[in-house]
Structure formats: C-alpha cells, structure tokens
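This report refers to the structure that appears directly beneath it.
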Amino acid sequence: IYADPAKRLELYFRPKDPYCHPVCANRFPTSTMLLRVRRRSRKKKQLDTEEQTQPEVQFEMEILGIVTTVYKFQGMSDFQYLAMHSGPDGKQTSMYDKVLMLKPEKEEFFNRELPLYIPPPIFSRLDTPIDYFYRPDIQHRSGYNNPPVSGENLIGLSRARRPHNAIFVNFDDEEIPAKPLDAAVQTWKKVCTNPVDKKVEEELRKLFEVRPVWSRNAVKANISVHPDKLKLLLPYLAYYMLTGPWRSLWVRFGYDPRKHPEAKIYQVLDFRIRCGMKYGYAPNDMPVKAKRSTYNYSLPITVKKQVSHTVSVHDLKQGLGTAGASGAKKPPSSRYKLKESIYIFREGALPPYRQMFYQLCDLNVESLQKIIHRNDGTESECTERDGWCLPKTSDDLRDSMSLMIKQIIRSTRPALFSNTTSSEDCKEQLAYESGEDEEDEEEEEEDFKPSDGSENEMETEILDYV
C-alpha cells in the first residue's frame, strides 16, 4: 500500500472473515520524528518506615528516524455482514462452515440444502458523511396548479449538453441536411485561427470527397488532429447517422446513402470476438485485450485520480490541436494519428479490441468482399437492418471473421499455454499483429483510445455531442 500513493490503507476487524468490510485510512504527508522514550523508576529507601517511598523517575529519549507519511482513519465504519441465519425461535446460527470452501470438497458439499444467504454486491462508496441539503417543500397559494409536464421544465438526469452542434439523422428521416448549423460554422471559425488548422480542414474535405462516409476512428487514422478539435470539425463537414446500416458513422452533407446502392460498401459491421470454452479459449486467455475492465473503476480503497485539464478555446487557438506538447516523441504530423488496424481488418492479424466497428470497405479480405458484393447490380431495396446487402450478410461476415480469428489463436495456442516464457513471447507477437506497438508508443496514445466512456463505440460518440 505504501508503494502506491493512490491506495488507501485497509483495516479489517476480522481478518480471517472474507465477508468483513474494512475501514480505510487516508495518506497524508508529514514531517515528524519517531521517538523511543523509556521511563525508568527506582524506589528510594526511607529511614522512617511510616513515610511512603518516593520512586526516582528518569526518562531516556532516542530519535529513531523521520516520518514522512502517515495514515489517518477518518472515515466511518460500514455495515458488517455476517454469514448467519435466524431460526424460527430467533436463534442465530453461524453458516461459515457451510458456505466457505476451505478445502477441495465432493459433490455432496454443493448439493446440500442451506438457508439463502446473499451478501450485498457492493458496500458504500463513501465513508465520510455529507450534507444533502434537501430543499423544503414549496408552499403554494390556494388554487395553484402544477404546469403541464413538458421537456422544457424537466430537470434532466444526464449532464448538460455540449455545444458541438452536430446534426443527428435517423434512418427513417425523410430529409438529410445539406449544410451544417450556423453555430457549428461559427464555432469552427472561432477556433480555426492558424494555418495548421486550415490544412487539417482541407485534408478532411478531401477525405469526404474520396469517400462520403467515415467513422471517427478511420478519420483519426488518416489525419493528425487533436480529439477536441475533431469534435468541432466533424459537425462542420458532416452529419451523424444514429440508426440503420450506417449508424455511428459521419456522412458528408448532401449525400444520402439510402439512395445510392454503391453506398453499401460504407455500411457498418458491429463485430465482437467470440470467446468461450467451445471456441477453445476462455475470456482470460484471449490475446486481445478488452477496452476496459472493472478493475479500472474508482473504488473506496483508491484515491480518485486528478482530472485532466480541460482544453479551452484559447488553448485550441494557440495550436494545441495540432502541434502537441513540446518535447513529444512523435512529430506533429502523426502525433494524434491512430494505427491503421483500428479500422481495417486484415487476414492473419488480430483486431486491437474485442469489439470493433468496421465499415464493409475496410474488410481487406477477398472472401469477405465476395460476401458483400453477392448482389451487385441487383440491389432493389435499402432496409434498416441490412442496407443494400442481402439479408443476413452481417451474420455471414461475422461467422467468417470469427473462423479466421479462431484459426489464428488455435495456431498459436501450443506456444501460448505451454510455459511462461513462450507464453509471453507469443503474446508479444500477437500484440504486434493486433496493431499494438512497443510500450513507449502505447503510453503516448493512451489518451486517444478509440473508446473512452462506453461499452459500445456508437454510444460513446453520441455522448460526446448530446
């Protein structure tokens, strides 16, 4: 605990009880000394036995060292759950010997009839009292009626809207926007004040001329732009599709993919790597890391990390969006670029994450492209589920891609699980194939992960604008 400044010191009142909830101490810097004090007393003999003896007391003090860190228990103790059962007569019976498996047990141990005991899934996340400051009930005059419920007088449960001024379009909307909102134009013109920003704008315009539909990750892999500036630039040049086969993608203004059969190559495919024992590998044995883990959440035993500095309009004007920080290892031209594997699927390479959103044109495998183009020239209807493709085309693509990934993992499994050394070497090789680089470059791109807030990419991007 001392080695990690973000951890809190735990104290268990019953260390051998797995259901014991600890109290936590906070870490504080200090400049104090550790002293050893000895008290020596020696009785004096008095000639007069009637008088009480007066002991002679001496103190010895020694400085052992300097204390730089202390832990103080300032919080309250949480509820403590015991594995107990209340009988009909109110007598409490311990269940520890029945619910705790201290040694390998036979099947009879698991088939015994026991009273239901379910400990709480989570305890309090706060151990310090806080004031809620409840407001008193408002006393209205007689005859007052509450106004009708509408969206204008409701307090939303989510955070305030971010003024990025993106236009959202559903698949069943009749019209598509031909130009951006005036607020989006003004916001980008306000920020775009240096030549590098104008160059990035022209690069993104050329990308939309070559290809009218792009995912945000694909844009990040083709041009180097600060994520905060990209949030302002995309609504200036494109609108966002919420539903349908082009959901979570940015479409050039004035282009309606529902009217162009050739737009089927830009449709999105939600692909997730299948894992389980029936595929030959468990989730923990996957060489592809998950986007996030439950271990990353802020728990009561950890100190909340400092919030990163919010980028202001003034910072963006100074060129933060493109030049990057001074002393960076990467040149400005590729500082914020993502790896190509973040949006392109290739045969023989593992995806960088277990869930990926690919556009069909970015599946660079000949067999997959044959599945996509099975109905070229005979497209008759654009449906919300399959777009311009044949029904169940997405299912066929997922099956083929899963088989390819299964073959990759199966071919490397003997080295992966035989011993520790070969396992590490194999994982490094798989990491390289999945688009990950060495540790120093991975640390540089840690702040610009493709997903940074949700289990699914589409929801993450919507939250950036709504």
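Points to keep in mind about this one:
- Neighbourhood net charge (12 Å Cβ-Cβ; Lys/Arg +1, Asp/Glu -1) for Cys20: -1
- A full extension of the chain between Met76 and Arg141 corresponds to an added length of 19.1 nm, given 0.36 nm per residue minus the alpha carbon distance.
- Mean Cβ count within 10 Å, highest first, over the residues of peptides 347-354, 72-79, 116-123: 347-354, 72-79, 116-123
- What separates the Cα centres of region 1-40 and region 226-241 is a distance of 49 Å.
- Within region 208-240: backbone nitrogen closer than 20 Å to the Ser334 label point (7 Å, Cα to C-beta): 217-227
- Principal axis box of region 16-136, alpha-carbon based, largest edge first, Å: 79, 49, 41
- Here r is the Cβ-Cβ distance between Phe28 and Met95 and R0 is 30 Å; the resulting FRET efficiency, rounded to 0.05, is 0.15.
- Here the spin labels are modelled as points 7 Å beyond Cα on the Cα-Cβ line, and at Tyr19 and Arg346 they lie 5.5 nm apart.
- Shown is the FRET efficiency for Ser124 and Leu102, computed with R0 = 22 Å from the Cβ-Cβ distance and rounded to the nearest 0.05: 0.15.
- In nm, spacing of pseudo-spin labels at Val67 and Cys361 (7 Å Cα→C-beta vector): 6.7
- Backbone amide hydrogens, once placed in the peptide plane, bring Ile344 within less than 5 Å of nothing, excluding anything fewer than 5 places away on its chain.
- Cβ crowding within 10 Å averaged over residues, with 62-69, 103-110 ranked highest first: 62-69, 103-110
- Inter-site label distance for Leu9 and Val185 at 7 Å from Cα along Cβ, in nm: 6.3
- Averaged over residues, the count of other Cβ atoms within 10 Å places the peptides 377-386, 16-25, 267-276 in the sequence 267-276, 16-25, 377-386, highest first.
- For the set Asp182, Asp173, the ranking by accessible area, highest first and with no ligand, DNA or RNA atoms included, is Asp182, Asp173 under a 1.4 Å probe.
- Stretched out straight at 0.36 nm per residue, the stretch from Asn194 to Ser411 would grow longer than its current Cα-Cα span by 73.0 nm.
- Of interest is the spacing of the C-alpha centroids, which for region 356-413 and region 192-212 amounts to 31 Å.
- Electrostatic bookkeeping for Leu9 treats Lys and Arg as +1 and Asp and Glu as -1; over the other residues with beta carbon under 15 Å from its beta carbon, the sum is +1.
- Label-reachable residues, region 63-77, where backbone N falls under 12 Å from a point 7 Å from Arg36's Cα toward its Cβ: 63-65
The values are calculated or read from the model by the stated rules, or taken from the named source; none is laboratory data. Remember, predicted model here, so these are calculated numbers, not experimental data. Cβ atoms come from the backbone with ideal geometry, glycine included; neighbour counts cover every protein chain shown. Heads up: the accessible areas ignore ligands, DNA and RNA and are worked out on the full protein's heavy atoms, side chains in. Shrake-Rupley method; radii C 1.70, N 1.55, O 1.52, S 1.80 Å.
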